[in-house]
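The values are calculated or read from the model by the stated rules, or taken from the named source; none is laboratory data. Every value quoted in this text rests on a predicted model; they were computed, and no experiment measured them. Quick reminder, even Gly has a Cβ in these numbers, built from the backbone with ideal geometry, and neighbours come from all protein chains shown. The accessibility values were calculated without ligands, DNA or RNA, using every heavy atom of the protein model including side chains. Shrake-Rupley method; radii C 1.70, N 1.55, O 1.52, S 1.80 Å.
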Amino acid sequence: MTEIAWWKRGIVYQIYPRSFQDSNNDGIGDLEGVRQRLDYLVWLGVDAIWLSPIFVSPMADFGYDVADYRAIDPIFGTLEDFDDLLADVHKRGLKLILDFVPNHTSVVHPWFLDSRASRDNAKRDWYIWRDPAPDGGPPNNWLSNFGGPAWTLDGASGQYYYHAFLSQQPDLNWRNLAVRDAMYDILRFWLDRGVDGFRVDVIWHLIKDDAFRDNPPNPAYDSKQAEINRYLQVHSADQADVHDVVAEMRNVIDTYPDRVLIGEIYLPLERLVTYYGNGLAGAHLPFNFQLIHTAWNAREIASLIHDYEIALPEGGWPNWVLGNHDQPRIGARVGQDQARLAAMLLLTLRGTPTLYYGDEIGLNKIEIAPELVQDPWEKNEPGLGLGRDPERTPMQWDSSHYAGFSKVEPWLPLGLSSSSCNVAALREIPRSILNLYRRLVDVRRKHLALSVGDYAQLAVSSAQVLAYEREFGADRHVVVLNFGHCDCEVALPQTESPRCILLSTCLDRDGEPIGRILKLRPHEGVIVAYG
Ligand code: NOJ
């Protein structure tokens, strides 16, 4: 067991720090708050925490606009708070993964202030500056991921700077080796403090076409989509040279024992897997977001898993993500009943699962009134349903006024159901989604077949049912998931060994012996133990 790396057999739990626990009653979560809730994470059974950015930032994009990579934003605490948190994380046998945001800085980062000071400043080339097009407009047709042009004119120098996101987030020029060195030093700064790895923000964006060619139009675009989809991002991201950068980051990580490099990558499967790098010298885990975008039915999910397994390079370790701070919550996407099934799927697939805080208590879509909107994307492109506030609302701990998150009004509203949808209440309900998550985590930890074992889809899978086998040595389990709204029956593979239900998403069939035919209720998933 010890020879299997922690990031392969472990479960990652993402915390959005603004929304986990407020310890100083300013309505915003902080590091001390996270520290106070570590025992909960131990109870839940996860292995590693990934913290969304906690660095000094004007918060134009809530921390994804960093003004000082080596200091903690006062909203979240101090470097000392960070060290205390890290020590307590490690004391509990957990790991801590930081969010590294190398593609862009804040517009108030000292590097950018220097860079925009004049055309001949030593840091000018640390960012991406271009002359206007002949008509005085932007240098090319690249768009911001948050709507509008990706180029902003700096009146003083007469040049445009490039920003793949907000104009307050200028892109660094990763073709400049001095930028790379400075950023790798930052990685070392945190690795020296003891962090266990990084999730690297928009890693596929780091290198852009060096000729800055226009992106081609997207024939499938319609105006109900985010504006970024107007063009295919052929030249503005996912360039061949990016893999050199990823490999260099990996080299830095590898000079420290047992650390992990995770890359945020929204690309089709065949492009995604290139981020494992030649000879697996790239990211350990290029985040696999395919479950978020695949149609939620047994057939589509079955072929997704199959295609992903086939696409993985030899030795490349799989991973699965159900949700994060940029995506509608799983409950909002598939409904509360299927969210339980999704939990079983996530925690029984081969590869490292990442859980998003709050999914384990069934946090659902929370409508944000227009006057309460915080997300800059929703402000830029209102009414298209792009806003990310609904998945960033405070964690709900108990039935007190602000759900135990804070004693004052939180920065985003709580869910309407916070009096019943909270950790304290759900812990007491044996069949709650929280107890389902905890049981799944426990079963996964106890049975290596379910985490690192081989995966084989079973032929009994159908339009309604996905069934697969997980096997590690003599440890063998079959997972059967009913994606349908009706009862169903499934004929299990023939076996000599007696079998029984280890766990059902309904949490009421433990130990039930079964014969060849397994009956499932609507939305029910079960793990069957063999042997
Ligand atoms: C991806 C992050 O997950 C998202 O929250 C952020 O807005 C963009 N990158 C820009 O950093």
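A few remarks follow.
- Net +/- balance of residues flanking Cys486 in space, Cβ distance below 15 Å, scoring K and R +1, D and E -1: -2
- Entries of Lys365/Lys519; Lys95/Lys208; Lys123/Lys379; Lys8/Lys95 with Cα pairs more than 24 Å apart: Lys365/Lys519; Lys95/Lys208; Lys123/Lys379
- Here's the picture: charge each Lys and Arg Cβ at +1 and each Asp and Glu Cβ at -1 in the stretch 380-485, and of Val465, Leu412, Pro382 the one pushed furthest to the positive end of that dipole is Val465.
- For the chain, the residue among Pro257, Tyr127, Ile361 whose Cα projects farthest onto the positive side of the dipole built from Cβ charges is Ile361.
- Taking the chain and dividing mean pair separation by its residue count, relative contact order in percent (alpha carbons under 8 Å, at least six apart): 12 percent
- The stretch 458-497: GluC sites (Glu not before Pro) in DSSP coil with no more than 16 other Cβ atoms inside 10 Å: Glu496
- CD proxy at 222 nm, helix term only [per DSSP H run n ≥ 4: -39500 (n - 2.57); per residue of the chain; nearest 500]: -7000 deg cm²/dmol
- Tyr127 long-range amide H proximity, modeled H, under 5 Å: Asn173
- Using the average count of surrounding beta-carbon atoms within 10 Å as a protection proxy, the listed peptides 56-63, 403-410, 168-175, 512-519 rank, highest first, as 168-175, 56-63, 403-410, 512-519.
- Relative packing of peptides 36-46, 116-126 - highest average C-beta neighbours within 10 Å first: 36-46, 116-126
- Backbone N under 18 Å from the Lys224 label point (7 Å along Cα→Cβ), restricted to the stretch 358-386: 381-386
- Sorting the segments 499-508, 377-386 by their mean number of nearby beta carbons within 10 angstrom, highest to lowest, gives 499-508, 377-386.
- The stretch 110-162 shape via C-alpha gyration tensor axes, a/c threshold 1.5: oblate
- Two-site label geometry, Glu80 and Asp185: point separation in nm, points 7 Å out along Cα→Cβ: 2.6 nm
- For the stretch 110-162, a simple Cβ point-charge model (Lys and Arg +1, Asp and Glu -1, everything else neutral) yields a dipole of about 100 debye relative to the Cα centre.
- Couplings for the stretch 213-221, taken from phi via the Karplus curve 6.51 cos²θ - 1.76 cosθ + 1.60 with θ = phi - 60°, read 5, 4, 6, x, x, 9, x, 8, 6 Hz in order; Gly and Pro are left as x.
- Portion, in percent, of the accessible area of the stretch 110-162 that falls on carbon or sulfur, probe 1.4 Å: 52 percent
- Sparse packing (at most 16 other Cβ atoms within 10 Å of the Cβ) combined with a DSSP loop state is found for the following GluC sites (Glu not before Pro) in the stretch 267-355: Glu314.
- Note on the chain: antiparallel DSSP beta bridges, both residues inside, total approximately 60 percent of the bridges counted.
- The stretch 305-350, accessible surface, carbon-and-sulfur percent (1.4 angstrom probe): 49 percent
- For the stretch 183-234, the list of trypsin sites (Lys or Arg not before Pro) that fall in a loop by DSSP and count at most 14 other C-beta atoms within 10 angstrom reads Arg213, Lys224.
- Separation between Cα centres of the stretch 186-254 and the stretch 321-378, rounded to whole Å: 24 Å
- With the gyration tensor restricted to C-alpha atoms of the chain, the semi-axes of the equivalent ellipsoid amount to 40, 26, 23 Å, longest first.
- Gly453 sits among other residues whose Cβ lies under 14 Å from its own Cβ, and their net charge, with Lys and Arg +1 and Asp and Glu -1, is +3.
- Rounded to the nearest 20 debye, the dipole magnitude of the chain is 1180 debye, with +1 charges on Lys and Arg beta carbons, -1 on Asp and Glu beta carbons, and the Cα centre as origin.
- For the chain, with +1 on Lys and Arg beta carbons and -1 on Asp and Glu, the positive-most of Gly33, Tyr162, Pro110 along the dipole: Gly33
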